[in-house]
Amino acid sequence: MDAGSCCLCARCIKIITYENTGAILGGHIIGSRATDIIAELTLAIASELTIEEISSTVHPHPTFSEAIMEAAQDTFEHEVHTISRRKNNSRQAVR
């Protein structure tokens with residue numbers, strides 16, 4: 001499993017995926033607007049979307065839903081609006 005995450009403006013999002021296929025297994029959203037954006041992850045799982053498909057989907061800026069895209073892009077280390085806090089390019093992965 002692999003995980004991308006995004007922490008912006010006191011909200012945190014983690015998307016958990018299969019490392020080899022990119023299929024989304026689940027996610028965590030913490031913050032005051034979590035209930036506003038959890039539906040996108042629910043739909044992605046039900047529709048069997050991959051993390052790459054979420055990452056390449058257009059999300060309006062500035063919006064809370066944009067944080068889902070940022071978390072997905074973090075999987076590929078392409079996040080735009082976050083500051084990477086990783087040391088030594090470490091990744092969370094379970095094989």
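The table that follows gives values for the structure above.
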{"read-out": "Segment 11-60, residues that are among the hydrophobic types (A, V, I, L, M, F, W, C), out of contact with any strand residue (DSSP E or B) (no Cβ under 9 Å at 6 or more places or on another chain) and within 17 Å of Asp74 (Cα to Cα)", "value": "Val58"}
{"read-out": "Pairs, first within 14 Å of Gly27 (Cβ to Cβ) in segment 50-69, second among the charged types (D, E, K, R) and outside any helix (DSSP H, G or I), C-beta under 7 Å, six or more apart", "value": "Ala67/Arg11"}
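Only the coordinates and a few stated rules stand behind these numbers; no lab work does. All values derive from a computational prediction rather than experimental measurement. So basically every Cβ, Gly included, is an ideal-geometry build from the backbone, and we count neighbours across all protein chains shown.
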